[in-house]
Amino acid sequence: MKTIVFLFVMVSLGMRVNAQDLVYKPINPAFGGDTFNYQWLLSSADSQNKFKEENDLYKPQTALERFRDNLNNQLLNYISRSLFQQQYGDGTTTGTGTGTGTGTGSGGLQQGTFVFGSLSVEIYPSNLGVVVNILDITTGEETQVIIPGN
């Protein structure tokens with residue numbers, strides 16, 4: 001048994017052992033790799049990319065869309081102006097006699113449901129005051145304005 005171990009040690013010492021240094025060389029040029037790898041890495045990443053970017057992020061409005069938006073803005077301005085005049089008056093005196101004061105306003109808003117393009121406007125009185133519900137039919141956005149009564 002001793003002879004077998006001795007022979008094994010002698011044979012293994014007699015063999016010449018070769019080794020080399022392990023050297024890491026990066027591939028990506030951003031981390032110190034060869035600059036000629038850049039185009040290959042970019043084309044490889046582009047081919048694996050499943051998300052494609054749209055070039056037209058800003059799309060200008062058509063004349064019809066601008067007209068619709070302008071009409072909606074004018075409607076909302078008219079409603080807010082009418083609500084303000086109905087609640088706080090238009091700054092003129094009403095009735096006969098002398099003196100100054102604010103009037104009750106023109107009362108341009110009428111009770112009911114109205115559709116203006118893509119906006120549906122519902123106006124009704126409640127115990128809280130005048131309630132105005134504004135619904136954008138295309139997007140589903142809804143706004144409720146409550147004007148408290150005197």
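The values are calculated or read from the model by the stated rules, or taken from the named source; none is laboratory data. What you see is a predicted model, and the numbers here were worked out from it, not measured in a lab. Here the Cβ positions follow ideal geometry from the backbone for every residue, glycine too, while neighbour counts run over all protein chains shown.
Which of the residues that make up segment 111-144 are within 21 Å of Asn70 (Cβ to Cβ) and of a type outside the set (S, T, N, Q)? Listed by number, the residues that qualify are Phe114, Val115, Phe116, Gly117, Leu119, Val121, Val132, Ile134, Leu135, Asp136, Ile137, Glu141.
So that you can scan it fast, the table gives a plain yes or no per residue for (1) at pLDDT 85 or above; (2) assigned to a helix (DSSP H, G or I):
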| residue | (1), (2) |
| --- | --- |
| Val17 | no, no |
| Gln20 | no, no |
| Leu41 | yes, yes |
| Asp46 | yes, yes |
| Lys59 | no, no |
| Phe67 | no, yes |
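Which of the strands (runs of 3 or more DSSP E) contained wholly in segment 73-150 include at least 3 residues that are surrounded by 14 or more Cβ atoms within 10 Å (Cβ to Cβ) and modelled with pLDDT of 70 or more?
Filter on segment 73-150 gives 119-126, 129-136.
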